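The values are calculated or read from the model by the stated rules, or taken from the named source; none is laboratory data. No experiment lies behind these values; they were computed from the predicted model shown. Heads up, the Cβs are rebuilt from the backbone with ideal geometry, glycines too, and the neighbour counts pull from every protein chain shown.
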Amino acid sequence: MSGQNQPGGLFAGPPRPGRIAAYLALIVLGALVGTAGSLVQGGLFPGGLLLALLATAGLFYGGLYATRTQLGVGAPAAGWLAAAILLSTGRPEGDGIFAAGAGPLIYLFGGMVVAVICATMSRLPQPGVKSGRLEK
């Protein structure tokens, strides 16, 4: 048995290589979207900020939809957060990706809020599973 329908859920059985590869790919995609969003949000304010947040939301929801688990949101969120935090710190020379102002803060906090919203969404319905509701 895979262990997903037993108590303990995802971690009850041995991890499958395909699922591990999917989560690693989502981490890399999260880092790429975080890097691209960090560059776009400051360059094309306010449209770039909206575009960056929409791309972030699409990635997080796509991870949820593809894996049907909350870990599918957590994996790209970890990559996104790592990239955004690394790019927000400046270098000793004073260079930095993020400019001063409200845009970078909205991007960081907005991305985190989107990740929490997607992670706390109710699970997507499984294909082929009917609800317990009586039909008329």
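Of note:
- Contacts under 6 angstrom Cβ, first residue in the stretch 44-66 being in contact (Cβ under 8 Å) with a residue 24 or more places away in the chain, partner surrounded by fewer than 15 Cβ atoms within 10 Å (Cβ to Cβ) and charged (D, E, K, R), 6 or more apart: none
The rows are residues; the columns are (1) of a type outside the set (Val, Ile, Thr); (2) at pLDDT 90 or above; (3) buried (at least 21 other Cβ atoms within 10 Å of the Cβ); (4) within 15 Å of VAL116 (Cβ to Cβ).
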position	(1), (2), (3), (4)
ILE27	no, yes, no, no
SER38	yes, no, yes, no
LEU51	yes, yes, no, no
TYR61	yes, yes, no, yes
GLY72	yes, no, yes, yes
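- Conditions (1) surrounded by fewer than 17 Cβ atoms within 10 Å (Cβ to Cβ); (2) touching a helix residue (DSSP H, G or I) at 6+ places or on another chain (Cβ under 8 Å); (3) modelled with pLDDT of 80 or more: number failed by LEU108: (1)
- Conditions (1) part of a helix (DSSP H, G or I); (2) over 30 Å from ARG19 (Cβ atoms); (3) among the aliphatic types (A, V, I, L, M); (4) modelled with pLDDT under 90; number of the one not met by ILE85: (2)
- Lone unmet requirement of (1) surrounded by fewer than 18 Cβ atoms within 10 Å (Cβ to Cβ); (2) assigned to a helix (DSSP H, G or I); (3) at pLDDT below 90 for VAL113: (3)
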